[in-house]
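Asker: Just passing along the structure, written as structure tokens.
Read the figures in this text as sums done on the coordinates, not as results from a lab. Predicted model, so just to flag it, every value in this text is computed and none were measured. Here Cβ is always computed from backbone atoms with ideal geometry, including for glycine, and neighbour counts include all displayed protein chains.
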Amino acid sequence: MGELDFLNQLVEIQYNAATSNSETLQILAVPGSGKTRVLTSRIAWLIIANELEPRSIVAVTFTNKAAKEMKERLCSEALLGSKRTEELMIGTFHSVCSRLIRKYPHYCGLKGNFMIANPEKSRDIINKIIYTLRLAKVEGSNKPDVYFNEISKARNKGLDVKKYADLHSSSPNKQNTINVFRAYEKELLRLNYVDFDSLMVIGRDLLVRHPELMNGTEHILVDEFQDTNTIQYQILKAMAYGRKKVTVVGDPDQSVFGWRDGDPANFAKMHDDFSGINVIHMSISFRSSGSIIEAAGSVVRIDPSRDSRSCRTDNLVGMPVKVLVADDGEGEADMVARQIIRVRDESKGLFDYNDFAVLVRTNYLTRNFEQAFMLANIPCVVVGGPQFVERAEVKDILGYLIFCFNPEDFLSFEKIVNVPNRGINDATIQYLRGRCLEDGINVIDVIKMITGRTPGPPPRFYLSTKVKSSLTELLYLFEDIKQQLDTKIFSIILDLTDYREYLRKEFAESFVSRWENVGELVTYASVYISELSTRAISPDQDPIIGFLEAVALGPEQLEPNEVMKGKVTISTLHNSKGLEWPCVFVAACEEGVIPHSRVDSKMEESRLLYVGMTRAKCLLYCSYARTRMGWSNVIRKYPSSFLTDLIRREGSKIITPIDVEMLEGYSKLLKRPLLENDAVEESHAILSYPATQEYSQMSLCTQSSLSLSTQQNKSIIQHTSAMIPEDPFSTLELSFHEIEMILDAPDSPIPSPTHDSVNTLLEKRLQDDAEESHEENSSYNNSSSRSSSNSNNNDNNNNNNQKRLKISDDIPKISPELTTILKECIIRCVKEAGNTRHVFVVGHMGSIVKNELKKDGIYIPYEDICVEVKELLESLVDSGDMIYTRHKKNEKYTIAE
Ligand SMILES: Nc1ncnc2c1ncn2[C@@H]1O[C@H](COP(=O)(O)OP(=O)(O)OP(=O)(O)O)[C@@H](O)[C@H]1O
């Protein structure tokens, strides 16, 4: 096997891009055209064929996750193997700058042990400044976010505080921001912090002043170039100083970070600033089916200013892209859940849950889906939700470590000083803060002085002996921690602070999950730190600082990979960038959501939708709801104007099944086999209520009428028989525990019927009906016929009604208990039926669906059934997943929709 065999995996245009000798190469590539494959091949080619040293290559990715993926790919033996990959410098602009600054802090006026402030920390600092500068009362500007965003924007444009102040010297409304900006920079320096955005400003300045720092670098590659902003472009220019070779890869149609100053115009700008430019267009998508490419194209083409670019594919055309409509947000989520189950079941083993993604414009929209998936028993993971490292207990432990490294950080000290509770009150904390500011020393030194460990003026504030001894203990604790900084540091902190006991006392109810999170942190930290210690790339970096830096720069790096396995992904559109799934639902495609009502660039929103749609390989659905709740109000919604063309051409409420031929096409596209027919168990569930033997028989008849095979219907039997086994009116006292036990019963008490047995039952039932009808005229008071009569309809004559009325007098209106049992059963069965294709509801549930529960002539208003049950049933009926069945006297069992 030759070292360059990986190039055989590339088509011609990809090969040309990967092996280009151009001084400056721009690769303009449509979604799914294999940018990642080309970039990794190019890096490997540069090292193997061009004999570049791995450490002479810098590859810049948009996220830490992308950097990690790139490293993983390069690590494969077919490309570079792990040794050479480790020597490459791969990371985001932030992390590349951070590494440089960490190496030369003195060039930037920083101390070596500086910490990186994440946005939360920055907001904390700004909040304090707002109070110090007495801006809290200034209308409209008292929110830390307002200042933070403005400062961040300025930095992304490459402005430091001086340039920002010069630029706005004549705007009175910017004076507060200028003052906050100045104070913030000062405070960051005092606390020995560099924030997220200033990393890049400092990094650029360092590179401009000391271009020699990049002397060992020969080639710089930048991924997702369409999203680079001004400061990043300036960093690239500074890094490339001295005519280093540069490769940029990107797609102007996927530019979705304009709000962070990302600008695809940087492609054009390069023509002024770089020489020897060669542009290669990769316009064939390997990812998506023809109909997906076409549908996505119709969205992005609405931008009149867009250059005409084509995106093609040789893949199969595939199923048309569907636009799904629901009455409201919850209905939409239910509909998606059902469709996932259906597609998975119909796919002959081709799609599993982790092949599905639901993408939404904003975070709050994920909630309905989480809930619907939980009810439908669909495993899911929300990407971009609360991050692991943002959980309170994880932050506590990290806080200790951060403070031990950086005792200048009073904010961290404040957070941990009473975790666990040490009885150090607010007044003492404020006093300590004041002393730090006045004396220009850190809090450790202040504590040493006031507790008499080092000489200094006595405290001008009364400190009780108890507080003094707490502070002394704290001092010892920090010293202990500092002396034991190694891979086991987190376990040591936990021991020294008796953190487990603290969690147990303070959070009795959530103790277990919190403690699990702590356990996860310990595992990750030790793996991460020991990995870092063995890496050749940054031998000069302290591995624990490396770990803290990874936490600050990109917590997603530390998220367990396992979480994605076997689960449907729910993500924002922004977070879906660079990823792909066989089946994608882009949800809440509504005007005001996408395009979002509060954005400057509508066209950027169309590109965002385009990004989401092009994540799909085989199946794509766009859904919207006609109404949505907003601040407790029902708001009328309209489909996104971006979908107009799609709705006109392809949209349809009717979801057609995926036929075998289509599945075979998808199987080829995904390079996965279909399971043999026999291996696919098509199952159906029938929920019957009341679930007497009689109704179970009725269910069997339903199966028979539906011509479902016994093999298919194993679960029907289970569900019907697993319901309440007796007349429910006598089972009201069943506890939930008992119901659970019944529902959990592993074996069905009713044996699986054969076709013959179904027919026999059917005949017997008809015969019984005839007899029963005869008996009804003379006597009518046994409980089994009560159940039977419960399902009768209007056709009953008045005499019978009279009699039944009497009987049903004993039966009060459907009681809350019964409703609860009913609800539990339905939800449980629907959950259990998660893997089934259809859910049929027979018997009284059928009646419920008919808008009234009619028992022996007494109408029980539908409204009395609890809302959830009603909604659940309605949604099932709407989707056609449930078929209403009714039994007419002396008629064959019929099924009505
Ligand atoms: N030459 C090829 N032959 C077959 N499949 C390919 C080829 N190149 C790439 N692919 C496949 O196409 C899919 C898309 O590739 P990749 O993720 O690299 O696209 P991309 O250009 O980065 O897309 P996006 O910009 O949308 O993130 C992947 O599944 C990849 O394996």
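Asker: How large is the dipole of the range 1-143 about the Cα centre if only Lys and Arg carry +1 and Asp and Glu carry -1, each at its Cβ, rounded to the nearest 20 debye?
Answerer: Details: 20 positive and 14 negative charges, 225 e Å.
Dipole magnitude for the range 1-143 comes out near 1080 debye.
Asker: Of Ala29, Gln14, Leu46, which is farthest on the positive side of the dipole of the range 1-60, counting Cα position, with +1 on Lys and Arg Cβ, -1 on Asp and Glu Cβ, and the Cα centre as origin?
Answerer: Comparing the listed Cα positions along the dipole, Ala29 ranks first.
Asker: Counting Lys +1, Arg +1, Asp -1, Glu -1, what net charge surrounds Asn315 among other residues with beta carbon under 14 Å of its beta carbon?
Answerer: Numbers: positive: Arg287, Arg312, Lys617, Lys668, Lys671; negative: Glu294, Asp314, Glu580, Glu664.
My count for the surroundings of Asn315 gives +1.
Asker: Given Asn442, Pro420, Val383, which one lies farthest toward the positive end of the charge dipole of the range 370-451, if we put +1 on the Cβ of every Lys and Arg and -1 on the Cβ of every Asp and Glu?
Answerer: Of Asn442, Pro420, Val383, it is Pro420.
Asker: Rounded to a whole number, what is D in µm²/s for the range 191-323 from Stokes-Einstein with the Kirkwood radius over alpha-carbon pairs (10 °C, 1.306 mPa s)?
Answerer: In µm²/s, the coefficient rounds to 91.
Asker: Let me check I've understood the local charge: for Arg243, count other residues with C-beta under 11 angstrom from its C-beta, Lys and Arg +1, Asp and Glu -1. What total comes out? Provide the component values of the computation, followed by the final result.
Answerer: On the way: positive: Lys244, Lys245; negative: Glu23, Glu218.
Residues close to Arg243 contribute a combined charge of 0.
Asker: Name the long-range amide H neighbours of Val222: under 5 Å, sequence gap of 5 or more, or other chain; modelled H, no Pro or chain starts.
Answerer: Counting only residues 5 or more places away or on other chains, the set is Val60, Thr247, Val248, Val249.
Asker: Compute, for the range 391-473, the length of the dipole vector about the Cα centre, with Cβ point charges of +1 (Lys, Arg) and -1 (Asp, Glu) only. Units Debye, rounded to 20. Mind dumping the intermediate values first?
Answerer: Details: 11 positive and 10 negative charges, 52 e Å.
It works out to roughly 240 debye.
Asker: Another one. State, in angstrom, two size descriptors of the range 115-191 derived from its alpha carbons: Rg to one decimal place and Dmax to the nearest whole number.
Answerer: Every Cα atom of the range 115-191 included, Rg and Dmax give 11.7, 35 Å.
Asker: Short version: ³J(HN,Hα) in whole Hz for each residue of the range 394-404, in order, from phi by Karplus 6.51 cos²θ - 1.76 cosθ + 1.60 (θ = phi - 60°), x for Gly and Pro, what are they?
Answerer: For the range 394-404, the Karplus curve yields 5, 5, 4, 5, 4, x, 4, 5, 4, 5, 5 Hz.
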